[in-house]
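The block underneath contains the structure these notes are about, expressed in structure tokens.
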Amino acid sequence: MANSTARPSELWVILMVLAGLAVTEGALTVLRPQLSGDIRHLDEADDIVREVVQGEGLRVVVGGNSLIGEGIDGALLEQSLEEATGEEVTLGVIRPDGTGPLEWDYLYRRIMFNVEELPDVLVLGFGPGHMRDRRIRTQLLRLAVHHVDRSDLRRFFTFDGLDFEERATAVLASSSVTFGLRDRISARVLATLIPGYRQRALLLLSAAPSPSNPQNVGSYRHLEALLDEAAQYGVPVVMMAMPAQTPYDVEAPVVALSGRRGVELVDVNPIPALLGPSRYFDDQHLDAEGRQLFTTSVAPFLAEGISRAIEGR
Amino acid sequence: MLFNSFEFWIFFAVVLGSYRLLGHRGQNRMLLVASYIFYGSWDWRFLSLIILSTAVDFRVGKALVSPDNDEARRKAWVTLSVVVNLGLLAVFKYLGFFVDSAAAMLTTLGLQANLPSLHIILPVGISFYTFQTMSYTLDIYRGELKPTDDLLDFALYVSFFPQLVAGPIERAKRLLPQIVEPRSPTADDVREGIYCILYGMFKKVVIADNMAVIANHAFSQDPGSLTGLEALLGVYAFAFQIYGDFHGYSLIAQGTARLMGIRLMDNFNHPYFAKNPQDFWRRWHISLSTWLRDYLYIPLGGSRGGARKTYRNLMTTMVLGGLWHGANWTFVVWGTVHGGWLGIHRWIAGRANGAKDAVDSVAVSLVKVFVTFQLVCVTWLFFRAESVTQAGGFIGSLFSGFPLTEFVLIGYPLLAFFVLPTLIYELWVERRGDLFAMTKVHPVARAAFYLALVLFLTWFPAPMRSEFIYFQF
């Protein structure tokens, strides 16, 4: 056995590592908004809602994911709705990437239902299959970091049936940006070093084995919970089926749910025949020109839906 | 309870905390309970197999030194130990395979085979602990070890949780005295233990799991649809996956044991820097290859008895070593091919005997390392493939053109990103000739290295966490 007395204790090494981690944590806390536009948007989400609820006239929050982000021009929709309804409209758009009812359920609890003033209507834009619940594990970090409030952790653990490993990951992610933002950091590093990383990585992930499969995958529990919460706070909801390059039928359970709950369903996906396939930059997302066309053309349909939703409140 | 889980590290923190508070006897009792809890977390029912193996070998150990037993009786006792342990393996690991193979053979011969299809669950780690406990009775029989009088100490030797389910396969001569004697971790134990745990976690979580994503993609395809570069990518990715996976496990086992003052053997010594097949087996899964050498190859006659017998003994050892890994013809072929490489190398080395002491130039060394690595990779195809047919398809694909496909354009850069820095680091360790070289550098440099490992562990885990490959053996 080697002589150990001449060397300093390993405690100093551990302390230096911990100091390095503290510096990293501090730096990432400061640099966090630089990591992605999506993070900046999520950081501003509660301000967007606050501005809407403090606004004048019809106060509309449009929620969704990148389909809304790429498909709706907020300022133009606000103006188009004003023209369609004949009244002043204050509108805000919340559109974090890759989200669905799983994230919205927690996000809107945090930024909308838990504040004193509420919007007049919540519009939820969605695409094919987006309203179904998804696997928790693939979304766990982002849920913990951006969507689930600390006070909602208990509900998160039980409602979504998280196992011990998932709970530990969620707590760690909500406590540390170094840990919680790891998928953003790794994607940023690899995308910088490897050309075409973001698109090509999907190829590999498609062959990855499925993670543990909570019992609620494929159900609509989070959508139902979100609608329950909105109903409890008296916020009418309009669900808006967004267009895709290939027209689709809204899933029967979503149609049934909207009928059962008296939630307006505006299915604009077959409407915009003017949006030919060339208006998309991939199979789902509208390009800049498609965005302008869609925003102006959807306003009358949306105005009708909003009007019916408010009347039915 | 996987090493790469929060659950394990909480469990280990409780064990280590208790360990520090207890005296030697208390430590051993607590470690035995902890080991059974650890093993039972997979399936409590299989604890009975460990307990059976423990009880039989403890009794056999005592009988082997009893003055009442003559040589014939001693032989009977040691045979009992071998039969019980290999019997457990035969039933739980190989019975289904043999029945299925017999049925297939009868069907091929045109005979109606109504043999039952057996679905026996493989108890985790059974191949490791049966070999470990057999080494105890075999060493006593050979007069190289005295049996212990304490059943609980022996039970801890068989079930010591850091190395219970995937090795290293410790010899009683080495581990048992450390259990029997009082011990307290030294500063070196703590220093090297922390290094082993951090580097082991890095190799498993960052290297192995990320390479698994690439290898799984390649091996999930029809081999006929893969280009040469894609098939090669899949093989290289698997080569580093299995190395990272198993080396990572062994390091974490060493590290956790060291924090309790127990030294486990080094199971890997940079195997992909091997210059020939024999060198590879001196560096890869050292605890298994030395076990096979000492308890199979040498008793078969080793290299005594002429070239023909030596080649036969080599091949027998490698085929059985292959079968040890799993009940599938792919492992038999894997062992056979390795036996073939070893035989060819032995033949070539024998012809070039005069030059064997010459020191290779850097260029020659590089060529030897490169060629050996390619040979090893070919064998990994059989190890990873679901069937010999799939492995054959992959070998065919290796020569089927080299276009730059999407998979190639993402896979090779990822392979380079994760593997190259690791290889450069291991080359540095190799040149220092000390597996623990990092623990000897300036504390600031070591802290920087550890910080990099922790950040990689935090930021670059694979999208899906996976179990350790060697658990299935």
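The values are calculated or read from the model by the stated rules, or taken from the named source; none is laboratory data. Just so we're clear, the structure is a prediction, and the values are computed from it rather than from any experiment. Reconstructed Cβ throughout: ideal geometry from the backbone, glycine too, with neighbour counts over all protein chains shown.
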- Here the residues within segment B:244-260 that are in a helix (DSSP H, G or I), aliphatic (A, V, I, L, M) and under 16 Å from B:LEU31 (Cβ atoms) are B:ALA253, B:ALA257
- Task: Being among the aliphatic types (A, V, I, L, M) and within 13 Å of chain B (Cβ to nearest Cβ) is the filter here, so list the residues in segment A:128-174 that pass it.
- Result: A:LEU140, A:LEU141, A:LEU162, A:ALA168, A:ALA170, A:VAL171, A:LEU172, A:ALA173
- Item | Exclusive hit being among the hydrophobic types (A, V, I, L, M, F, W, C), more than 14 Å from every other protein chain (Cβ to nearest Cβ), closer than 30 Å to B:MET105 by Cβ and without any contact (Cβ under 8 Å) to a residue 24 or more places away in the chain, set B:VAL378, B:VAL332 | B:VAL332
- Of all the residues that make up segment B:1-49, how many are within 14 Å of chain A (Cβ to nearest Cβ) and within 23 Å of the chain's Cα centre (by Cα)? 8
- Item | Among (1) in contact with a Cys (Cβ under 6 Å, 6 or more places away or on another chain); (2) not in a helix (DSSP H, G or I), the one test that B:GLY305 misses | (1)
- Can you pull out the residues in segment A:114-126 that are more than 13 Å from the chain's Cα centre (by Cα) and in contact (Cβ under 8 Å) with a residue 24 or more places away in the chain? A:ASN114, A:VAL115, A:GLU117, A:LEU118, A:PRO119, A:ASP120, A:VAL121, A:LEU122, A:VAL123
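Residues are listed down the side, and each one gets a yes or a no for (1) assigned to a helix (DSSP H, G or I); (2) more than 12 Å from chain B (Cβ to nearest Cβ); (3) buried (at least 17 other Cβ atoms within 10 Å of the Cβ):
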| residue | (1), (2), (3) |
| --- | --- |
| A:GLU25 | yes, no, no |
| A:PRO33 | yes, yes, no |
| A:ILE39 | yes, yes, yes |
| A:ASP43 | yes, yes, no |
| A:GLY55 | no, yes, yes |
| A:SER80 | yes, yes, yes |
| A:GLU83 | yes, yes, no |
| A:GLU87 | no, yes, no |
| A:VAL93 | no, yes, yes |
- Only unsatisfied item for A:GLN199, checking (1) facing chain B (nearest Cβ under 9 Å); (2) at pLDDT 90 or above; (3) surrounded by fewer than 17 Cβ atoms within 10 Å (Cβ to Cβ), is (2)
- Item | Breaking point among (1) farther than 16 Å from B:ASN216 by Cα; (2) more than 9 Å from chain A (Cβ to nearest Cβ), for B:ARG446 | (2)
- Item | Subset of segment A:162-209 [of a type in the set (A, V, I, L, M, F, W, C) and assigned to a loop (DSSP other than H, G, I, E, B)] | A:LEU162, A:LEU181, A:ILE194, A:ALA207, A:ALA208
- Query: Checking B:VAL180 against (1) within 14 Å of chain A (Cβ to nearest Cβ); (2) without any contact (Cβ under 8 Å) to a residue 40 or more places away in the chain, which test does it fail?
  - Reply: (1)
- Item | Checklist (1) at negative phi; (2) in contact (Cβ under 8 Å) with a residue 24 or more places away in the chain applied to A:PHE164, failing item | (2)
- Only one residue in B:ILE121, B:ILE214, B:ILE194 is touching a residue at least 12 places away in the same chain (Cβ under 8 Å) and closer than 17 Å to B:ASP266 by Cβ, so which one is that? B:ILE194
- Query: On the given criteria, is B:ILE197 at pLDDT 95 or above and among the aliphatic types (A, V, I, L, M)?
  - Reply: yes
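Yes or no, residue by residue, for (1) in a helix (DSSP H, G or I); (2) of a type in the set (A, V, I, L, M); (3) touching a strand residue (DSSP E or B) at 6+ places or on another chain (Cβ under 9 Å); (4) surrounded by fewer than 24 Cβ atoms within 10 Å (Cβ to Cβ):
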position	(1), (2), (3), (4)
B:VAL124	no, yes, no, yes
B:GLN132	yes, no, no, no
B:GLY143	no, no, no, yes
B:ASP149	no, no, no, yes
B:PRO182	no, no, no, yes
B:CYS196	yes, no, no, no
- Query: Of all residues in segment B:410-430 being more than 14 Å from chain A (Cβ to nearest Cβ) and without any contact (Cβ under 8 Å) to a residue 24 or more places away in the chain, which is farthest from B:ALA239 (Cα to Cα)?
  - Reply: B:TRP428
- Query: In this structure, is B:PRO67 assigned to a loop (DSSP other than H, G, I, E, B) and touching a Phe, Trp or Tyr at 6+ places or on another chain (Cβ under 7 Å)?
  - Reply: no
- Message: Which of the numbered conditions does B:ALA172 fail, given that it passes all the others? Conditions: (1) of a type outside the set (Ser, Thr, Tyr); (2) within 20 Å of the chain's Cα centre (by Cα); (3) within 14 Å of chain A (Cβ to nearest Cβ).
- Response: (3)
- Considering only helices (runs of 4 or more DSSP H) fully contained in segment A:219-313, which possess at least 2 residues that are more than 21 Å from the chain's Cα centre (by Cα) and closer than 20 Å to A:GLY129 by Cα? A:252-261
- Consider A:GLY125 against the criteria (1) surrounded by fewer than 22 Cβ atoms within 10 Å (Cβ to Cβ); (2) small (Gly, Ala, Ser); (3) within 19 Å of A:SER66 (Cα to Cα): it satisfies all of them except one. Which criterion is unmet? (1)
